[in-house]
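Visitor: Right, I'll just put the structure down here and ask away after.
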Amino acid sequence: MRRRALMPTESTAPVPEPPGGRVGRWIRQSAGWALIVLGLIGLVVPVLQGVLFLFLGLSMLSADSAWARRLLRRLKRRQGERPQGSAPGAGEAGGSESSRRGCSADPPMR
């Protein structure tokens with residue numbers, strides 16, 4: 001009885017060597033980890049966009065490591081599953097109900 005060879009899945013397949021060699025890999029990994037640290041800081045500091053830095057850091061690390069590629073793929077998939085009305089700014093184009101009626105919290109200026 002012949003055994004079928006198992007096809008390597010994307011998660012177990014070897015990571016291809018990106019261009020740049022050892023120095024390029026070291027620079028990519030250093031920049032990726034720095035962006036991830038900035039992203040983690042940005043999650044608690046309101047000035048920085050933490051999620052943006054996390055995505056950038058993971059995309060840089062995903063060129064060299066399978067775990068970052070899997071995590072980035074999972075996060076992208078999760079981002080795409082968001083219901084249509086839950087995204088920020090996904091409301092009607094006319095603005096809020098009070099602004100369409102002409103109501104405002106501030107009195108009109110004269």
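None of the figures in this text is laboratory data; all of them are computed from the coordinates on show. Predicted model, so just to flag it, every value in this text is computed and none were measured. With ideal geometry, Cβ positions are generated from the backbone for all residues, glycine too; neighbour counts draw on all protein chains shown.
Visitor: Once you put a point 7 Å from the Cα of GLN29 and another 7 Å from the Cα of ALA66, both along the Cβ direction, what distance in nm separates them?
Guide: 1.7 nm
Visitor: What does the net charge come to around GLN29 if you take all other residues with beta carbon closer than 13 Å to its beta carbon, with K and R at +1 and D and E at -1?
Guide: +2
Visitor: A further question follows. Between LYS76 and LEU52, how many nm apart are label points set 7 Å from Cα along the C-beta direction?
Guide: Result: 2.0 nm between the two label points.
Visitor: Kindly provide the Kirkwood hydrodynamic radius of the range 21-78 in Å, to one decimal, from all pairs of distinct alpha carbon atoms. The partial results should precede the final answer.
Guide: Details: mean 1/r = 0.0874 Å⁻¹.
Over the range 21-78, the inverse of the mean reciprocal pair distance is 11.4 Å.
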